[in-house]
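Written out below as structure tokens is the structure these notes cover.
The values are calculated or read from the model by the stated rules, or taken from the named source; none is laboratory data. Quick caveat: nothing in here was measured; it's all calculated off a predicted structure. Cβ placement follows ideal geometry from the backbone for every residue including glycine, while neighbour counts extend to all protein chains displayed. Surface areas here come from the heavy atoms of the whole protein model, side chains and all, with no ligands, DNA or RNA. Shrake-Rupley method; radii C 1.70, N 1.55, O 1.52, S 1.80 Å.
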Amino acid sequence: MLSDASTGTLPHGPSWVSQDGTMKCGIYDDMPRYSPTQGDLGKGVFYGCRIEYGANRFTYPTTAHAGEVGGCPSGFAANAGEAATALCNSGQVFSSETGSPTVLMPGNGVRFAGIECVALAAGMTCTETATGHGFRVTLDDFTLN
């Protein structure tokens, strides 16, 4: 079941964890966006999931900062309109990384700001409905669009 989400607190958007707690996810519509080639892109929609360190059994794609101190890679994320990539961030990204976050049970989903995320039995899928960009991730493998 997919439910529409809304929130009046910062950050603007829902956040949740997977049933087993290894994936901490969120969708936010007020995130500053930056591109190394285009500079400041203003605020926009950002979504993704951080995967608990050491829980994944797959090899992340090569990134410019792989292996560096700073949390890279640590999951998958995307700006709306762009393909998903490895998440490279050492700080807190999603509010679901602290406190007592909502658990999204398998088969249930969240829809917010044009993004739909659905919990799988052992993972998560998030898709931008307008473009088809997004990701599917389990602890064993992933697909990026």
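Points worth noting:
- Sulfur and carbon atoms: percent of accessible area, segment 88-145 [1.4 Å]: 51
- Compactness of the chain, expressed as Rg and Dmax over alpha-carbon positions, Å: 14.0, 39
- Average Cα contact separation per residue, the chain, under 8 Å, 6 or more apart, as relative contact order %: 24
- Cβ-Cβ distance of residue 19 and residue 83, R₀ of 22 Å, FRET efficiency by 1/(1 + (r/R0)^6): the value works out to about 0.25.
- Result for the chain in a Gaussian network model with C-alpha springs under 10 Å: among 99, 132, 109, the largest mean-square fluctuation is at 99.
- Computed from point charges on the beta carbon alone (+1 for Lys and Arg, -1 for Asp and Glu), the dipole magnitude for the chain about its Cα centre is near 40 Debye.
- Counting DSSP beta bridges with both ends in the chain, the antiparallel % (nearest 5): 90
- Residue 59 paired with residue 120, simple spin-label distance in nm, labels 7 Å along Cα-to-beta-carbon: 2.0
- Amide H to amide H distances under 5 Å link residue 87 with 74, 75, 76, 77, where only residues 5 or more positions off or on other chains count and H is placed in the peptide plane.
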